[in-house]
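Every number here is computed from the coordinates shown, using simple stated rules; none is lab data. Quantities reported herein were computed from a predicted structural model and do not represent experimental measurements. Don't worry about glycine lacking a Cβ; one is built from the backbone with ideal geometry, like all the others, and counts go over all protein chains shown.
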2 protein chains.
Amino acid sequence: VSAPKTVAVIGLGMIGGSVARGLADKGVEVLGYDTNDSYLDAAVDSGVISRRLQSNFDDIGNAEAVVIAIYGDAAVQALESLKQHNERVRLITDVGSTKRTIVASADKVGLGNCFVGSHPFAGDHRSGWHASRSDLFENEIVYLSPTSQSTESAMEAAKSLWMRLGARPVRMDAAEHDALLAWTSHLPHIVSASIALALAERGIGRRQLGRGGKDMARLSGGSPDLWTAIALENASEIDAALDAVERELSGFRLMLRQRDRNGVREQLTRARNWHEHAEG
Amino acid sequence: VSAPKTVAVIGLGMIGGSVARGLADKGVEVLGYDTNDSYLDAAVDSGVISRRLQSNFDDIGNAEAVVIAIYGDAAVQALESLKQHNERVRLITDVGSTKRTIVASADKVGLGNCFVGSHPFAGDHRSGWHASRSDLFENEIVYLSPTSQSTESAMEAAKSLWMRLGARPVRMDAAEHDALLAWTSHLPHIVSASIALALAERGIGRRQLGRGGKDMARLSGGSPDLWTAIALENASEIDAALDAVERELSGFRLMLRQRDRNGVREQLTRARNWHEHAEG
């Protein structure tokens, strides 16, 4: 199965912009849309986008694949607009951090056959076209979550699209994905925000942190809108993860109050062993 | 005031090794000691250490400054051994992450005049001579905490020693230092370990994390012995910091349970504002 020759990218922020740049670098024709004209202008000026799309996506023409790189309700609305192209495109996918809602929505609007949910596990706290780069997905995992009706052709197109961008596809059911990412992505983000809030209340600025502390606080710089949408959508899975970290913290606090040196050392050793073990 | 021409470095791990390398690079004669012969051999072989010291430090000879780069009780014992050199050296300092105990110990053993506590706020979770490098302190803060009797000559020698290594000296009372570092260093470390423990219990390995999660988990790889000593020594200050983060986490958890979208967005916005504000 060959990778798509023409791809429409809806949303040219850090993720969508990086998809567009990466594909353009590989000789793929990229059509683009963004509500932010300055992103679209920059993408056209840099030669990444060969044609601007209308806001109703009527004019995706011969695009074989569509990448929805906007989030939450806007992504679901884009699915609605794309319904008419169901027979023509091989693949419609997205880039969101949660997969249950978008995958269910694709099924519901009748795009179940050509839709495969994608979550490229890449990027950082920044956002916008200026934060995009063509090698963002190089060697990074991309989770692919099929609908109940995704065709093999759609799944193969999704795989080859992301492999073209250097990513490593991992197929995972949407519910399983969201349960896992609550721990591996959403938990770290909320913990980082909690550290930021605690330091803010104490009147300590980011420049007073060392390298390690800065690393811990970095995710707090992420987009509040994006992360609010993610947190609310995955609230029930995140609950268990937050609870687990709270219990570990309160365990440390109790041991420190009791001056339980052996207990502290044992827990720090378990944590270090996890770190070392998973490194190899 | 000129920087010392001959310096004795006791302990050649990541921090002590980096002090030795950095000074040797600047033409300073470095005498060295470590209980680990392989570190000492490597330091001599690489030309960083010009002479090995005996374990009682009787032979520091004309060294004008001594840097104690070992931790906890061992550092206090080194102070005892160095008492005899009180009149000869301009500066005895250390590199520990907490300052109250070592500064009080220096006063107690009668080295208050020539001792200034140092805490170079640099390094990462690794340890040992192989992790040392000559530019580790470049542009990093080093806290300097005087005893009740530190001479101006000792303070000036400490400043010039660290500036020679590219660090930025910040004078801070030992108690104030320990209270601040509970938030900026010890808190991040324990939170990172708590994330590691929660993930370990859930059966999730480090390789399943994204870049952000890996950053959050990195500090958990630090030395359990070193961090147990730090945590216990600064337990009372760390308590308040852990409590503050627990409260933020449990606040997020409650808002998520109540599907309080505005509350979550407000907190994430406050966190992001802290991040942005402190960046400039």
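Which distance in nm do the two modelled labels at A:S250 and A:E29 give, with both placed 7 Å along the Cα-to-Cβ direction?
Distance between the two pseudo-spin positions: 6.1 nm.
In nm, what is the difference between 0.36 nm times the number of residues separating A:E80 and A:N62 and their Cα-Cα distance?
4.6 nm
Going by how many other beta carbons lie within 10 Å of each one, how would you line up B:E29, B:E152, fewest first?
B:E152, B:E29
Taking only the alpha-carbon positions of chain A and ignoring solvent, what does the Debye formula give for the base-10 log of I(q)/I(0) at q = 0.10 Å⁻¹?
With no solvent term, the Cα-only Debye profile gives -0.57.
Name the helices (complete DSSP H segments) of chain A with a Cα length along the long axis of 15 Å or more and a Kyte-Doolittle mean of at least 1.0, or state none.
The answer, listed by residue number, is A:187-202.
Take the rotation relating chain A to chain B, measure from its axis to every Cβ in chain A, and name the nearest residue with the distance in whole Å.
Of all Cβ atoms in chain A, the one nearest the axis gives A:D215, 2.
Just for the Cα atoms in the protein assembly as shown, what are the lengths along the principal axes, largest first, rounded to whole Å?
89, 46, 38
Using a label point 7 angstrom from Cα along Cα-to-C-beta, what distances in nm, from shortest up, separate B:S250 from the other copies?
0.5
Could I get the Rg over Rh figure for the stretch B:160-274? Both from C-alpha atoms, Rh via Kirkwood, rounded to two places.
Radius of gyration relative to Kirkwood radius: 1.04.
What are the label-to-label distances in nm, one decimal and shortest first, from B:D58 to the same spot in the other copies, with labels 7 Å along Cα to Cβ?
9.6
Volume per residue, Å³, of the convex hull around the alpha-carbon atoms of the stretch A:139-195?
82 Å³
Label 7 Å along Cα→Cβ of B:R171; the stretch B:123-163 residues with amide nitrogen under 19 Å?
Label zone hits: B:141-163.
Within straight cross-link reach of A:K214, meaning Cα distance under 28 Å, which lysines are found once same-chain residues fewer than 8 apart are removed?
Answer for A:K214, where 28 Å is the Cα cut-off: B:K99, B:K159, B:K214, listed by chain and number.
Short version: ³J(HN,Hα) in whole Hz for each residue of the stretch B:123-133, in order, from phi by Karplus 6.51 cos²θ - 1.76 cosθ + 1.60 (θ = phi - 60°), x for Gly and Pro, what are they?
Coupling constants for the stretch B:123-133: x, 9, 6, 7, 8, x, 3, 5, 8, 7, 7 Hz.
Put a dot 7 Å past each Cα toward the Cβ at B:R88 and A:S236; how far apart are the dots in nm?
With each label point 7 Å from Cα toward Cβ, the separation is 7.3 nm.
In terms of the Cα gyration tensor, with a ≥ b ≥ c the square roots of its eigenvalues, is the stretch A:123-170 rounded because a/c is under 1.5, prolate because a/b exceeds b/c, or oblate?
prolate
Add -39500 (n - 2.57) for each DSSP H run of 4 or more in chain A, then divide by its residues: what number comes out at 222 nm, to the nearest 500 deg cm²/dmol?
-15000 deg cm²/dmol
What Kirkwood radius, in Å to one decimal, follows from the Cα pairs of the stretch A:1-75?
Result for the stretch A:1-75 stands at 12.1 Å.
With only alpha-carbon atoms counted, please give the Rg and Dmax of the stretch B:111-211, in Å.
For the stretch B:111-211, the Cα radius of gyration and maximum Cα-Cα distance read 17.7, 55 Å.
How big is the dipole moment of the protein assembly as shown about its Cα centre under a simple scheme where the beta carbon of each Lys and Arg is +1, that of each Asp and Glu is -1, and everything else is neutral? Debye, nearest 20, please.
Dipole of the protein assembly as shown, to the nearest 20 debye: 100 debye.
Taking the alpha-carbon set of the stretch A:59-171, what are its Rg and Dmax in Å?
In Å, with Rg to one decimal and Dmax whole: 13.3, 37.
Measuring nothing but label to label, 7 Å from Cα along Cα→Cβ, what are B:D107's distances to the other copies in nm, shortest first?
For B:D107, the other copies' label points sit at 6.9 nm, shortest first.
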